[in-house]
Amino acid sequence: MSSVIWYLYEFARKGWIENFAGAATNREIVEAPDRFRNFPEVIRELCIACGACTAACPSPAAIKLVRTKDKDAENGEGITYPVINTDACIRCGFCAEVCPTDPKTLRTGESHLIMEEFTILPAEKMFVIDDYLCIRCKKCMKACKVEGAIVEEEGKVMVDQSKCIACGECAKTCPVKGAIKGIYISNVEGQKEVINLVVHALEDFIESRQDELKGLPIEQVAKFEFPATEVMDQAREILKDENIVRDIIERVTDRLKLRVITWDDSKCNSCRLCVDECPSGAITYDEEKGVQRDANKCLRCTTCYQTCPFGVAGAYVARFLLTSTELEEDKVIVTVKPAQLEYRG
């Protein structure tokens, strides 16, 4: 009974009656605040069809790219843009966060206006420009779909990784093979293993051609074919992705330049100048065998070549090119020419 009396007393209070009579809904409950993430709004005319939104979406079937059948007067193709499936969308806003267009094609509350340096695109590849091979034609800058993703600073053309969407248009446009490289950012240890495998195989191949290189005139170039099928098979056992394996081997052969040291024992007079000069201990002297070179310890620094007065050591430079056709197996073209170094011989 006491509880009933207490409720009657509360209801009878003047303050309670006034609050009840003047009750109003809070504005923040009626109106969605700016920070509220609704389903993404799509401004399809701004889309550049990069696919960053579909790659970023964590919910299967929530977003997909479609192309209209109507022809665009400018390029003769339909307009490509993302479509949101509201039944699958979880309103996380990732699609809007990674959208690189300015203004954004996708909008969903103020949360997508994050700082540029924290925008992370979910790409397996990142593209970099090799300044050693770049000819500064700037075709990549014109082909790039994202303004400011490829810039020129202090005479060098560079990729701004905070803006790059890894679409690969720059690499397709570049006229110099290997100047723009697509680097896979996953399974780094496996990539290192494949690189070492390829380099060691090419080193062993060059070593096996020592007799053919000795006496090569300075104005001539020797050419060999290295069958790459076995190396490719071994690389596939390390990395299962065929595209990654081929990209790595192409990248290695494009940039790799090996120094080659040949050794002709018949010219040696055991002066032992090279023994003292060798920085790695690869050249030793034995009373019975004379001066010996251990190819496994050799750094190919060419010190012996420049020191020996009798021409025992020869120095050459090898370059490589991976080629393949539908009718032939993969092979690496190896070109070797004498090093342009002076020696005492």
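Just so you know, all these numbers are worked out from the coordinates, no wet-lab data involved. Note that the structure is predicted; figures quoted are calculated from it, not measured. FYI the Cβ positions are ideal-geometry reconstructions off the backbone, even for glycines, and counts take in every protein chain you see.
What are the ³J(HN,Hα) values, in whole Hz, obtained from phi via the Karplus relation 6.51 cos²θ - 1.76 cosθ + 1.60 with θ = phi - 60°, for each residue of region 146-158 in sequence order, with x given for Gly and Pro?
Karplus-based 3J(HN,Hα) across region 146-158 equals 10, 4, x, 6, 10, 10, 10, 10, 6, x, 10, 8, 9 Hz.
Quick one: give the max-minus-min coordinate of the C-alpha atoms of region 188-338 along each principal axis, largest first, in Å.
Principal-axis extents of the Cα atoms in region 188-338, largest first: 53, 34, 24 Å.
I need the phi-derived Karplus couplings for region 315-324: 6.51 cos²θ - 1.76 cosθ + 1.60, θ = phi - 60°, integer Hz, Gly and Pro marked x.
Coupling constants for region 315-324: 10, 9, 10, 10, 10, 9, 8, 7, 10, 7 Hz.
Would you please give the residues with an amide H less than 5 Å from that of Gly78, counting only those at least 5 places away or on a separate chain, with H modeled from the backbone geometry?
Asp72
Straight-line reach only, C-alpha to C-alpha below 17 angstrom: list the lysines that Lys145 could link to, leaving out same-chain residues fewer than 8 apart.
Lys104, Lys125, Lys163, Lys172
For region 200-269, what size does the Cα cloud have along each of its three principal axes, sorted from largest down, in whole Å?
Projected onto its principal axes, the Cα set of region 200-269 covers 52, 23, 16 Å.
Cα centroids of region 234-296 and region 311-325: how far apart, whole angstrom?
Their Cα centres are 12 Å away from one another.
Using θ = phi - 60° and the Karplus curve 6.51 cos²θ - 1.76 cosθ + 1.60, what whole-Hz ³J(HN,Hα) does each residue of region 198-209 get, with Gly and Pro shown as x?
Working through the residues one at a time gives 5, 4, 5, 5, 5, 4, 5, 5, 5, 4, 6, 9 Hz.
For the residue pair Lys240 and Lys214, what label-to-label distance in nm results when each label sits 7 Å from Cα along the Cα-to-beta-carbon direction?
Those two pseudo-labels are separated by 4.9 nm.
Excluding Asp286 itself, calculate the net charge of residues whose Cβ lies under 13 Å from the Cβ of Asp286, where each Lys or Arg counts +1 and each Asp or Glu counts -1. Before the final figure, lay out the partial values.
Details: positive: Arg272, Lys289, Arg293; negative: Asp265, Glu287, Glu288, Asp294.
Result for the neighbourhood of Asp286: -1.
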